[in-house]
Each structure stands twice: as structure tokens, then as C-alpha cells.
1. When you scan the stretch 165-190, how many residues do you find that are among the acidic types (Asp, Glu) and either assigned to a helix (DSSP H, G or I) or open to solvent by less than 40 Å² (accessible area, probe 1.4 Å) (or both)?
2. Listed residues ILE125, ILE162; which is in contact (Cβ under 8 Å) with a residue 12 or more places away in the chain, assigned to a loop (DSSP other than H, G, I, E, B), surrounded by 13 or more Cβ atoms within 10 Å (Cβ to Cβ) and β-branched (Val, Ile, Thr)?
3. Given the condition surrounded by 10 or more Cβ atoms within 10 Å (Cβ to Cβ), in contact with a Lys or Arg (Cβ under 9 Å, 6 or more places away or on another chain), closer than 25 Å to MET152 by Cα and not β-branched (Val, Ile, Thr), answer yes or no: does some residue in the stretch 73-87 qualify?
4. Restricting to the stretch 91-122, name every residue that is open to solvent by less than 10 Å² (accessible area, probe 1.4 Å) and assigned to a loop (DSSP other than H, G, I, E, B).
Amino acid sequence: MGEKEELLQKIKMLEDQLEYYRAREAQMEQLIREYNEFIRRQFDIYDQFVRDIGTSRIIDPYTRVYSAEHISKLISYYHQRAFEENREYGLILVRLAEKDENFDANLLALAKLLKNVIRVPMDSIGRLDEDTFAVLLTEVSKENTRKVVERMKSFIKEHLAIPVKISFRSYPEDGSNLEDMVKQMKAEVS
């Protein structure tokens, strides 16, 4: 009977192993399904991004700079990356101060001038709202952000002679909370 008991123990052990491997196979199948769903979502996000390129969801149709939605997302994304990678960046708000009969022409001229002041493709500009532009300067110190602001003021005074209000912040020197920085800047240009 010793041999029979030994064979029964081996059969039991093999059945237990088989059950363990079936459970592992089910877990692997679940992981594959989750991975496939994750990849599908990534492709959907990419497809949405590609669909939006060149549309009013990304480009403001009037000024031909980034739309408010896109520049806001871009700033949030870059803020997170700057935090993770310990990088500096600058954020500038430029607001057209007067709404007169030349408002539309001044808005277009200001957008064009701002596009010529930034380093393409490193920096980005977007129309944050009706009369305000946001400029994202990547990988720059507070001192260099200040220099860009001074250059903007000089160019605006020399080429446009229109009243603007400008505010800027540098990350991380001026704070680490993006919402607070933007709120302060909006208050300064109001």
C-alpha cells in the first residue's frame, strides 16, 4: 500500500499544481485584458490629439496661437514635468489693456509680436481669454524670464504703442502651486 499512497500523494500534488497554474493563467489573462484596455485608451488619446491638430480645439482661429483650452493643458502638463524633473520655467500673462475701436487689430498685432519674441518650438503662446495671452517659457530661470518680459515691453512700446499689462512668475522660485501663481498673475493684469 505504500506505493499506492505515494502515487495518490503525487496525483494530489500534481492536481494542486495544476489548479495553481490555472489560477495564474486566469491572472495573466486578466492582466493582458487590462494592458490591452490601457493601450487602447492611449491610442484613443493620441487619436484625439491628432484629430485636434489644426482645429479650433488647439488653435485659436482668430489670433492663430494656441486656444485657451490647449495652452491651459500644456501649462499644466509642463508644470507637472518641471516638478518631476526639477526644471525651471517661466509663465507670462500679457493683457491688452484697452478695448477701443482698434481692439481686434491690436489683438492680432500683439499675438504676432508675441510669436516673434518667443523661442519656437521650445516656448508656447496661447490666447487665455478674450484679451489675455499666456506665454510659457520652458527651461528658463527667473532672471531670463525677466529679460524676456523686458524685451516684450520694449518691442510693444517700439512697434505697437498699445497699452498692455504684463505679469510673470518663475517656477519654482515664485511658488510651486500653479493655480495660485495663475490667480495672482490674473489679478495683476486685471
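1. Here the count works out to 3.
2. Working: ILE125 fails: assigned to a loop (DSSP other than H, G, I, E, B).
The conditions single out ILE162.
3. Yes.
4. Those that are open to solvent by less than 10 Å² (accessible area, probe 1.4 Å) and assigned to a loop (DSSP other than H, G, I, E, B): none in the stretch 91-122.
Conditions (1) within 19 Å of ALA82 (Cα to Cα); (2) among the basic types (Lys, Arg), marked per residue:
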residue	(1), (2)
GLU143	yes, no
LYS147	no, yes
LYS157	no, yes
LEU160	no, no
SER167	no, no
PRO172	yes, no
GLY175	yes, no
SER190	no, no
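The values are calculated or read from the model by the stated rules, or taken from the named source; none is laboratory data. Predicted model only: the values in this text are computed from it and were never measured. We place every Cβ from the backbone using ideal geometry, glycine too, and count neighbours over all the protein chains shown. Each accessible area value is taken on the protein alone, full model and side chains, heavy atoms only, with ligands, DNA and RNA left out. Shrake-Rupley method; radii C 1.70, N 1.55, O 1.52, S 1.80 Å.
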